[in-house]
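The values are calculated or read from the model by the stated rules, or taken from the named source; none is laboratory data. Bear in mind that the values here come from a model prediction, so they are computed numbers and not experimental data. In this analysis, Cβ positions are derived from the backbone assuming ideal geometry, glycine residues included, and neighbour counts consider all displayed protein chains.
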Ligand SMILES: [Zn+2]
């Protein structure tokens with residue numbers, strides 16, 4: 001490949017706090033009647049004062065801690081000014097130069113560390129709905145989402161492929177779910193993704209290879225991991241074509257078009273100065289004590305990567321099993337509960353893992369104790385010895401002399417008949433391969 005992609009990512013995660021970021025309106029807006037979860041604060045009415053949501057701030061810091069960030073003891077909110085109809089105040093309360101979390105990283109399975117530049121807290125905007133009313137095209141505004149706590153997680157331009165981006169996103173989604181701070185439901189817009197992509201020559205020599213390309217193309221508000229991959233692939237192709245003509249792609253913001261997996265230009269990228277950031281005068285700066293941060297850190301549960309490693313080490317599970325079982329915290333907890341109960345019956349973690357994975361157990365309807373019982377019942381099948389099985393097979397063959405005749409005549413399908421008969425007698429599931437071998441031995 002002549003060019004190497006340089007990809008960074010901004011992810012917005014909506015927190016699942018009860019109330020909004022700066023007022024007491026319910027943040028649970030999904031599917032609610034428009035403009036029913038509003039008040040003077042989140043409608044941006046004159047004189048209304050914001051009061052920060054403590055829980056949201058703590059959760060933001062916990063996301064940062066889970067991503068190995070430093071938490072500066074001093075932080076503040078800023079106003080990001082821009083005009084858009086879904087932004088009632090004409091500015092968004094966000095964080096500019098003093099975010100809650102900085103300098104973290106997330107490790108991919110390859111061992112590569114993706115730098116996390118910052119994790120900061122802000123508020124969501126309202127939602128524009130474009131509809132036809134009485135034959136006319138109109139834009140309607142729903143402010144239910146206005147002021148819902150939003151955490152923005154920004155990475156360094158460390159990704160080189162769409163696959164790396166996808167893995168990062170899956171891990172990030174898993175982490176916020178483990179923390180219990182967001183449902184990270186893509187379909188509900190709980191997680192919104194903005195990759196920025198540029199290309200540089202692959203063969204650039206070491207001295208300049210760390211230099212970033214002179215432009216950056218950002219693709220806005222994508223709501224699925226698959227679409228991010230498609231947007232990245234499309235941009236790599238599009239930018240390669242421009243570079244091949246000896247030109248440089250322009251720095252801009254583009255939108256993803258689902259129907260043909262392409263991107264279209266939306267606007268030439270703003271600089272930070274266009275937003276006229278300044279400190280939010282209605283919210284005093286925040287100061288943490290080291291103890292407070294330590295305390296927040298101590299509340300973080302064991303995270304997926306650690307859990308996967310522990311399952312491999314302590315429960316002697318293969319990597320693939322560990323990964324499947326730790327995909328969701330609820331499954332991992334369920335597995336460990338069953339392992340604990342199973343120990344009393346000499347069941348190994350592997351037996352329990354096999355059962356959960358292979359039989360696709362619905363853990364919401366089967367209690368761990370019930371699962372252990374099922375594993376025990378099914379493992380009893382192995383208690384039927386080969387000798388016992390042979391005895392049963394002999395009896396069947398004696399009762400059905402034609403079977404042996406048919407088999408000698410080349411009709412191997414009769415084995416299936418004997419298997420059925422054995423199963424009928426023992427009424428238990430057994431390894432049919434073992435059974436088949438035993439039958440063939442008897443028939444010889
Ligand atoms: Zn409100």
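In this structure, residue 88 qualifies as within 16 Å of the ligand (Cβ to nearest atom) and either part of a helix (DSSP H, G or I) or crowded, with 17+ Cβ neighbours inside 10 Å (or both).
Every test in (1) under 27 Å from residue 176 (Cβ atoms); (2) in the same structural domain as residue 374 (by TED's automatic domain parsing); (3) assigned to a helix (DSSP H, G or I) is passed by residue 340 save one, and that test is (1). The sole residue among 424, 407 that is out of contact with any helix residue (DSSP H, G or I) (no Cβ under 8 Å at 6 or more places or on another chain) and either within 21 Å of residue 379 (Cα to Cα) or assigned to a helix (DSSP H, G or I) (or both) is 424.
Name the single residue, out of those in the range 12-26 being touching a helix residue (DSSP H, G or I) at 6+ places or on another chain (Cβ under 6 Å) and assigned to a loop (DSSP other than H, G, I, E, B), that is farthest from the ligand (Cβ to nearest atom). Here the answer is 15. When the range 285-323 is filtered for residues that are within 23 Å of the chain's Cα centre (by Cα), over 28 Å from residue 69 (Cβ atoms) and crowded, with 17+ Cβ neighbours inside 10 Å, the ones remaining, listed by number, are 317, 321. Scanning the range 131-144 for residues being within 16 Å of the ligand (Cβ to nearest atom) and surrounded by fewer than 24 Cβ atoms within 10 Å (Cβ to Cβ) gives a total of 3. Of everything in the range 27-39 that's in contact with a strand residue (DSSP E or B) (Cβ under 7 Å, 6 or more places away or on another chain) and over 14 Å from residue 52 (Cα atoms), which residue is nearest to the ligand (Cβ to nearest atom)? Only one residue tops the list, namely 37. Do we find a residue being surrounded by fewer than 12 Cβ atoms within 10 Å (Cβ to Cβ) and without any contact (Cβ under 8 Å) to a residue 60 or more places away in the chain anywhere in the range 148-167? So far as the range 148-167 goes, no, none of its residues is surrounded by fewer than 12 Cβ atoms within 10 Å (Cβ to Cβ) and without any contact (Cβ under 8 Å) to a residue 60 or more places away in the chain.
Of the residues making up the range 344-398, those that are within 30 Å of the chain's Cα centre (by Cα), in a helix (DSSP H, G or I) and either in contact (Cβ under 8 Å) with a residue 60 or more places away in the chain or within 16 Å of residue 431 (Cβ to Cβ) (or both) are 351, 354, 355, 358.
Considering the conditions (1) in contact (Cβ under 8 Å) with a residue 60 or more places away in the chain; (2) more than 12 Å from the ligand (Cβ to nearest atom), residue 69 is excluded by exactly one of them, (1). Within the range 421-435, the set of residues being exposed (fewer than 11 other Cβ atoms within 10 Å of the Cβ) and under 12 Å from residue 392 (Cα atoms) comprises 424 only.
Against the list (1) more than 16 Å from the ligand (Cβ to nearest atom); (2) under 18 Å from residue 10 (Cβ atoms); (3) outside any loop (DSSP other than H, G, I, E, B), the condition residue 96 fails is (3). Screening 327, 276, 238, 254 for residues that are within 30 Å of residue 47 (Cβ to Cβ) and either surrounded by 14 or more Cβ atoms within 10 Å (Cβ to Cβ) or in contact (Cβ under 8 Å) with a residue 24 or more places away in the chain (or both) leaves exactly one candidate, 276. Checking each residue in the range 40-51 for being on the phi < 0 side of the Ramachandran plot and away from the ligand (no atom under 13 Å from the Cβ) picks out only 46.
If a residue has to be in a strand (DSSP E or B) and farther than 24 Å from residue 302 by Cα to count, how many in the range 173-194 make the cut? Total satisfying the criteria: 3.
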